[in-house]
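The values are calculated or read from the model by the stated rules, or taken from the named source; none is laboratory data. What you see is a predicted model, and the numbers here were worked out from it, not measured in a lab. A quick note on method: Cβ atoms are made from the backbone with ideal geometry, for glycine too, and the neighbour counts reach across all protein chains shown. Areas reflect the complete protein model, heavy atoms only, side chains present, ligands, DNA and RNA absent. Shrake-Rupley method; radii C 1.70, N 1.55, O 1.52, S 1.80 Å.
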Amino acid sequence: MLTNKRILLIIGGGVAAFKSLDLIRRLRERGANVTVCMTSAASQFVTPLSAASLSGNQVYSDLFSLTDEAAMGHIQLSRAADLLVVAPATADLMSKMANGLANDLASTLLLATDKKVLVAPAMNVRMWTHRATTRNVAQLREDGVLFVGPDDGDMACGEYGPGRMAEPLQIVDAVEAVLFAGTAEQFLAGKRVVITSGPTHEPIDPVRYIANRSSGRQGHALATAAKDAGAEVVLISGPVNIPDLAGLKTIKVETAKQMQAAVEAALPADIFISAAAVADWRVDTQASQKVKKSGDGPPSLVLIENPDILAGIAGRKVQRPSLVVGFAAETEKVIEYGQAKLARKRCDMIVANDVSPGSGVMGGQENSVHLITASAIESLPKQSKAAVATAIIRRCNAMLEEKQS
Ligand code: CTP
């Protein structure tokens, strides 16, 4: 519930502005007091009168209005709120925010505020993926601005892809997560976390595949722990026998190449955790029909190496998540090999675990891991995969805070 919480909603000029009217209604349903500021472009899409009627408050739009300034100055307006929400956040508005521009009321409020800012981007897919927007988003994340969405979907312009504004109820959930961050342990509110989980299946022919014993339990437990900490989670999972987790987006894939494409499409993110047991090799040419026994003995399978998803993400020049965490599944010299993987894959942390047959880790309920960073090794006691996940997520948060301080 948002009773007595004051939200300053900044509506940018985009087609998604019509959804912001519903957002006002949804926020008020939960008890919030909503004050709206509209950019001049926004009033081309929705009228200030609609926003005033739905919010029950005066709508602000003019930086130089004498009457507005007399009643409530723009500095006061930006600080009277408990949270600023920008929805839709257009490419233009985010660019102004990233560069500290203050040439209209919306950008001035955003620069003058001492409160948290949650943005819900909305724009054409090409605008969202443009390097300039990518740079601005990275800058804003670094500045501590919180994000919800955008989602993938059909766009008003007829294209398909990421750029669609998050739905109003999703934004309300994010608002609650941010506002109750301190109280309900929602320390990752406004952060986006991408996690891979489970094995990959690499087809040999239409009925056979190469796989491994990963159950996906540890990766899925991480997704749950990140969601419980208030993060927006995208879980990219290979084939597992675990029911879908509520409250987070799961993308199901089979092969390493599909997993890699899904991870890249899920960026930008604050944290990437590569918990999947990605098959190192795939069959060079998959048979289009079932391979039959012939009198000439067994078929020979030519294997080629799969892309290393983790190393690819950690080595990115653009859109590298602030924190990249990998796992090291080892059957001997666990710490030594873990340290080597940390360096080789350029991760910020490696979670190393012993998966030798006697350990019962692969497919089991418990895990004992070592958290390896460039500066320290912390060995956790054997505990449930859920408890291990909570410890890893807390550690990720501490590392993220350290990076951003
Ligand atoms: N990983 C990945 N893509 C691959 C292989 C591994 O993203 N093609 C990731 C795993 O998700 C894990 C980390 O890399 O986070 C280490 O995986 P692991 O299987 O322990 O190491 P490998 O890279 O396969 O190295 P090796 O087989 O030599 O131990």
| Only one of (1) part of a strand (DSSP E or B); (2) of a type outside the set (A, V, I, L, M); (3) open to solvent by less than 60 Å² (accessible area, probe 1.4 Å) fails for residue 230. Which number is that? | (1)
| task | Could you run through the range 251-265 and say how many residues are touching a residue at least 12 places away in the same chain (Cβ under 8 Å), within 14 Å of the ligand (Cβ to nearest atom) and either of a type in the set (Ser, Thr, Tyr) or open to solvent by less than 70 Å² (accessible area, probe 1.4 Å) (or both)? | result | 7
| request: Being part of a strand (DSSP E or B) and modelled with pLDDT of 90 or more is the filter; apply it to the range 319-329 and report the residue that is most open to solvent (accessible area, probe 1.4 Å). | output: 327
| field | Set 248, 222: member being touching a residue at least 12 places away in the same chain (Cβ under 8 Å) and either crowded, with 21+ Cβ neighbours inside 10 Å or not assigned by TED's automatic domain parsing to the domain that holds residue 263 (or both) | value | 222
| Within the range 272-287, is even one residue in contact (Cβ under 8 Å) with a residue 12 or more places away in the chain, basic (Lys, Arg), near the ligand (Cβ under 10 Å from one of its atoms) and open to solvent by 30 Å² or more (accessible area, probe 1.4 Å)? | yes
| task | Please verify whether the range 377-388 includes one or more residues that are under 18 Å from the mean Cα position of the chain (by Cα), small (Gly, Ala, Ser) and within 23 Å of residue 186 (Cα to Cα). | result | no
| message | Against the condition of a type in the set (A, V, I, L, M) and modelled with pLDDT under 95, how does residue 77 come out, does it pass? | response | yes
| request: Determine which single condition residue 310 fails, assuming it passes every other condition in (1) more than 26 Å from residue 204 (Cα to Cα); (2) part of a helix (DSSP H, G or I). | output: (1)
| query | In the range 236-244, is there at least one residue being closer than 17 Å to residue 308 by Cβ, without any contact (Cβ under 8 Å) to a residue 60 or more places away in the chain and open to solvent by less than 40 Å² (accessible area, probe 1.4 Å)? | reply | yes
| Within the range 341-357, can you find the residues that are more than 9 Å from the ligand (Cβ to nearest atom), in a helix (DSSP H, G or I) and closer than 23 Å to residue 398 by Cα? | 342, 343
| note | In the set 356, 375, the lone residue that is assigned by TED's automatic domain parsing to the domain that holds residue 205 and open to solvent by 60 Å² or more (accessible area, probe 1.4 Å) is 375
| request: Kindly provide the set of residues from the range 292-318 that are surrounded by 17 or more Cβ atoms within 10 Å (Cβ to Cβ) and either away from the ligand (no atom under 13 Å from the Cβ) or in contact (Cβ under 8 Å) with a residue 60 or more places away in the chain (or both), ordered by number. | output: 306, 309
| field | Qualifying position, being loosely packed, with under 15 Cβ neighbours inside 10 Å and over 15 Å from residue 89 (Cβ atoms), among 40, 55 | value | 40
